[in-house]
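Before any comments, here is the structure.
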Amino acid sequence: MPSARPAHPIRLYRAALSGHAHRVQLFLSLLDLPFEMIDIDLRAGEQKKPEFLAKNPFGQVPVIEDGEVTLADSNAILVYLASKYGDAGWLPHDPLGAATVQRFLSLAAGEIFRGPASARLATLFGMPLDHGAACATAKHLFTLLEPHLASRQFLTGTQVTIADVAAYSYIAHAPEGGVALDDYPHIRAWLGRVEALPGFVAMQATPPALAA
């Protein structure tokens, strides 16, 4: 259970198809915190309007508002929420535990973004990215994660942490970018364990018209 509760619902500025935003939505739900979602229309450029840039000068989702705190960057938000509202299991305080979680947060910002996330961006949204290189990065990443998860329930061991929350969304939706998960049974089993957590919420599926 959360170690504290916000005085008012946390406001989450997001785009429904953003895996970065889904990380935060998922964690808020796993922590059973009150929150409200404000959808930002990225195609219409709402993220570049002055009122949103005042919240995040980089013009990116997600952003949260928690009382007087305004915070951007999905992984930074996970750290904030875990530290303020979660129990110690989500973000261990011991040096090795904290470093192990940070390793996977870096992976989420690195290979996961350059791999399955970028392949999905190129496929679904026509972003000018090298789809072939992104798929190759994703497949290499998955060949490393597959044996890692063969002996672990979650990314850092037997306890779910924000590492799993940060990694889940884009790996689960890798097939939308043309990267199949059929050859990775241990990764699929890990995804299933995340999906079985109390409070789990799925990321919105890509509309067929967009995926076509």
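Tabulated values for the structure
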quantity	calculated
Any chance Thr206 is under 26 Å from Leu31 (Cα atoms), within 15 Å of the chain's Cα centre (by Cα) and of a type in the set (S, T, N, Q)	no
All positions within segment 41-53 that are in contact (Cβ under 8 Å) with a residue 12 or more places away in the chain, surrounded by 12 or more Cβ atoms within 10 Å (Cβ to Cβ) and outside any helix (DSSP H, G or I)	Leu42
Unmet requirement for Ile187, which otherwise passes all of (1) touching a Ser or Thr at 6+ places or on another chain (Cβ under 8 Å); (2) open to solvent by less than 30 Å² (accessible area, probe 1.4 Å)	(1)
Yes/no for Phe58 being open to solvent by 70 Å² or more (accessible area, probe 1.4 Å), farther than 20 Å from Val201 by Cβ and not charged (D, E, K, R)	yes
Total residues in segment 164-183, condition within 9 Å of the chain's Cα centre (by Cα) and more than 20 Å from Met127 (Cα to Cα)	5
Any hit, segment 129-143, residues being of a type in the set (Phe, Trp, Tyr), under 27 Å from Ala189 (Cα atoms) and open to solvent by less than 20 Å² (accessible area, probe 1.4 Å)	yes
Any hit, segment 161-177, residues being open to solvent by 30 Å² or more (accessible area, probe 1.4 Å), over 27 Å from Leu33 (Cα atoms) and either charged (D, E, K, R) or without any contact (Cβ under 8 Å) to a residue 12 or more places away in the chain (or both)	yes
Residue list for segment 102-123, restricted to those being closer than 23 Å to Leu81 by Cβ and open to solvent by 70 Å² or more (accessible area, probe 1.4 Å)	Gln102, Arg103, Phe113
Contacts under 7 angstrom Cβ, first residue in segment 178-201 being over 19 Å from Val165 (Cα atoms), partner open to solvent by 60 Å² or more (accessible area, probe 1.4 Å) and modelled with pLDDT of 95 or more, 6 or more apart	Val179/Lys139
Hey, Gln204 over 20 Å from Ala16 (Cβ atoms), open to solvent by 40 Å² or more (accessible area, probe 1.4 Å) and not basic (Lys, Arg) or not	no
Qualifying residues in segment 144-160 (those that are under 28 Å from Pro198 (Cβ atoms) and of a type in the set (A, V, I, L, M, F, W, C)) - the one surrounded by the most Cβ atoms within 10 Å (Cβ to Cβ)	Leu155
Verdict on Ala99 being open to solvent by 10 Å² or more (accessible area, probe 1.4 Å), at pLDDT below 95, more than 17 Å from the chain's Cα centre (by Cα) and over 24 Å from Ala134 (Cβ atoms)	no
Residues of segment 10-40 satisfying the condition of being part of a loop (DSSP other than H, G, I, E, B) and open to solvent by 70 Å² or more (accessible area, probe 1.4 Å)	Asp32
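The values are calculated or read from the model by the stated rules, or taken from the named source; none is laboratory data. These numbers come from a predicted model, not from an experiment. Backbone-built Cβ (ideal geometry, glycine too); neighbour counts: all protein chains shown. The accessibility values were calculated without ligands, DNA or RNA, using every heavy atom of the protein model including side chains. Shrake-Rupley method; radii C 1.70, N 1.55, O 1.52, S 1.80 Å.
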